[in-house]
Structures are given as structure tokens and as C-alpha cells.
There are 2 protein chains.
Amino acid sequence: MYVKQLAKLMGVTADTVRHYTRVGLLNPIRSAENGYQEYTKQDQQRLKFIISSRQLGFSLKDIQHIIGESEQGNCPCPLTRKLITKRLEETEALFQETLKLRNRMHAALEQWDTSADGANASDVCSLIESFVDPINDSANKEQRNDD
Amino acid sequence: MYVKQLAKLMGVTADTVRHYTRVGLLNPIRSAENGYQEYTKQDQQRLKFIISSRQLGFSLKDIQHIIGESEQGNCPCPLTRKLITKRLEETEALFQETLKLRNRMHAALEQWDTSADGANASDVCSLIESFVDPINDSANKEQRNDD
DNA sequence: ATTGACCTGTGTGTTGCACATAGGTTTATT
DNA sequence: AATAAACCTATGTGCAACACACAGGTCAAT
């Protein structure tokens, strides 16, 4: 089975399969005849595992470590638990940051709705330069208490 | 003013200032004496603009375009409005994806709380391989209607 | 034999910096 | 003045997870 076929079968791109191969997560056999990578059922199962792991937020390096543990005969589950805890913290942080960014962007669009282009004196773009974040604005600091 | 001083003054790292310089967003003058980059008040204002723009979700390339418009004598505000609309869509998408990922991770931790390590037959990690996403599980599809 | 469609591996680009390195400058000390 | 320590600089490279461009190989139909 060549790269494209495996990719299609598993619902990813051929480039993704090649990438996993390059970093050593998949180990196809190089055909002596045409130099193509031949993927086996094992690779297919492995790819399935990678996709599942990615969906749970593990990095490719995480997956390498987990597979490494397993291949050394150790139970990888403790490592898996430890890693997902760390990734969850990161995801939580990203979530909060993205939420705040989204709110800032909404606030900007609202402010810009009622302000004409180039109304203010500015050097580059009056919209951006005159935007004031309603959350971090010092006039609103009475609402918060974390400084 | 050298790179470190400007960076400290504006609350970013020297590497960040160097990066902005490398991509052409800042235009310091190279001292003929020691080869160092000399930043002026103009660069300082420009950096302030960049930081504000980044906080609103603009990419460095967006900022380049906005500045380019401004330097060509055009009002960059229409472009700014257009760009932030696109970025907001992306941020919204990222937000939703991050939210779903977070939920999946929480669900996994819950499932794994009550399942012992290596309890299932598996090839790499029983936890990951036996995890079933409660949202995308076919048994729960009656709750959704988007397929 | 030849055309065209499709496939392959390899190399490079993407984003926004952080880090490593080698060397220059400044300050303090002897 | 010489020297050492502390600090600074520019430049090159690394990171994550692929996507894309490129040159060429393969296969079926003509």
C-alpha cells in the first residue's frame, strides 16, 4: 500500500502520512523496485493510534514517547495520564487566551462601528491606535481585583 | 537607542524587536561605528503600533499591509476593518476547536479515572485506544442534527 | 511510441518568535 | 595600562505540524 492509498483510507492527507514517516512514527518498507514507501497493516493501525492521540491533544513528540514506552515493554498508561494532564493545562490556557482575544476583537469592532475612518490624529491607523480595551482599561479596574 | 533598551522600554524581548526588524516592520539605522542597530523615536512609535495590532489579533503580515497602505498615502482603515473581520472568523473557529478539544480531554480524564491501566487489549496504549468521544460517538447522535 | 493523468520522494515555506553562538563593548579591578 | 567580568550585539538556527512546489517516475489509453 502506497502513501496516498493509506492516507485516503484513514482520512488524512498524503503529506501528513509522509510527515509521520519522516519523524519516525510510521515505518514503511522502501520498495527496492521503485523506491516507493510500502505501508503495511501495522502502519495502518499505528496511524489510527496517532490520529486518536492527536484528537486528544497529544503532540507528535508525546506520541513518540508513549510508543517508545510501549515498545520497551512498559505500560505507557501512567505516562499517558501524566502527559494529558500537562496538555490539558496548556489547552485551558489557550482557551482562556483565545476567549480574551475574541472579546477584544468584538469590542474593537463595536468601537469601530461608531468611529469614522481616520477621525483621530494618528500615525498609521487611527482605528487601531485609538482602540481602548474595555477590560484592561484603567477606568474599569474597579471591577477586577487581581493586581 | 539600541535594541535591548527599546525592548525593555516597550515591554517586549530584544529578540522580538530584532524579529520585527528582520521582517522590515522596524527600520533602525545601522551605526557605522560598531554595526549596531540604532532605533529612533519613530521606531518606538511604530513598535507601539505593532504591539497594539498584535493584541487585536493581526498577523505581522497584516500589519505590514496596513502600514504599507498608510505609507502609500491611503487611509488604511478600510483594510483594517476587512482584515479584522477575517481574523475574527479564524479566532472564532480556533475558539470553538479549542473548546471541543478541552471537552474531549476532560471526558478522557473522566473515563480514565475509572479504567485501570492496560485493562483492555491494545497495541500501544489501552487508554487512548479505548477512549470514545461522547460527543462524536454514534450512540449519541440523536442529540445532533448536522449530518 | 506517445500522450496524459496520476503518483512519488525530497526540499522548502509557513508563523512568531526563542535560543545558541561567537564576538564586541563597557565597567571594575589590579 | 592591562585584564577580567559582566553585559551587550548580530547572525544563524530551531521549533510544530504539516502544506506546497518541484522534478521525475508509473500506468493506462491511444
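No value in this document is a laboratory result; all are computed from the given coordinates. The structure presented is a predicted model; accordingly, all values stated were derived computationally and were not measured. All Cβ positions, even for glycine, are placed from backbone atoms using ideal geometry, and neighbour counts span all protein chains on display.
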Which of B:A93, B:A14, B:A32 moves most in a GNM of chain B, Cα contacts under 10 Å? B:A32
Connecting every pair of Cα atoms under 10 Å apart in chain B and solving the GNM, the largest mean-square fluctuation among B:L60, B:L25, B:L127 falls on B:L127
What is the distance in Å between the Cα centroid of segment A:44-69 and that of segment B:6-69? 39
Place the label 7 angstrom along Cα→C-beta at A:P134 and in each other copy, then list the distances from the first to the rest in nm, shortest first. 3.4
Between B:Q96 and B:E129, what FRET efficiency comes out of the Förster formula 1/(1 + (r/R0)^6) with R0 = 22 Å and r the beta carbon distance, rounded to 0.05? 0.25
Considering only Cα-Cα distances, which of the following residue pairs are longer than 32 Å: A:K8/B:K82; A:K48/B:K82; A:K48/A:K86; A:K41/B:K61; A:K48/B:K61; A:K82/B:K61? A:K8/B:K82; A:K48/B:K82; A:K41/B:K61; A:K48/B:K61; A:K82/B:K61
Kirkwood Rh (inverse of mean 1/r, distinct Cα pairs), segment A:1-114, angstrom: 16.7
Residue by residue through B:67-74, how many Cβ atoms from other chains fall within 10 Å of the Cβ on average? 1
Average other protein chain Cβ within 10 Å of Cβ, residues B:125-133: 6
Is the shape of segment B:37-101 rounded, prolate or oblate, going by the alpha carbon gyration tensor and its root eigenvalues a ≥ b ≥ c, with a/c under 1.5 for rounded and a/b larger than b/c for prolate? oblate
Relative to the compact globular guide of 2.2 N^0.38 Å, what is the alpha carbon radius of gyration of segment B:89-138, as a ratio? 1.39
Between chains B and A there is a rotation axis; tell me the chain B residue with the nearest beta carbon and how many whole Å away it sits. B:T98, 3
Label points for B:S122 built 7 Å along Cα→Cβ; distances to same position in the other copies, nm, shortest first, come to 5.3
Among A:L88, A:L109, A:F131, the residue whose Cα sits farthest towards the positive end of the charge dipole of segment A:79-141 (+1 at Cβ of Lys and Arg, -1 at Cβ of Asp and Glu, taken about the Cα centre) is A:L88
With an 8 Å cut-off on Cα pairs and a minimum separation of 6 or more residues, tell me the relative contact order of segment A:3-78 in percent. 19
Put the label 7 Å from Cα along Cα→Cβ for B:N34; what are its distances to the other copies, in nanometres, shortest first? 6.2
The local net charge around B:V23, scoring Lys/Arg +1 and Asp/Glu -1 for residues other than B:V23 whose Cβ lies under 15 Å from its Cβ, equals +2
Largest first and to the nearest Å, give the Cα extent of the protein assembly as shown along each principal axis. 68, 51, 38
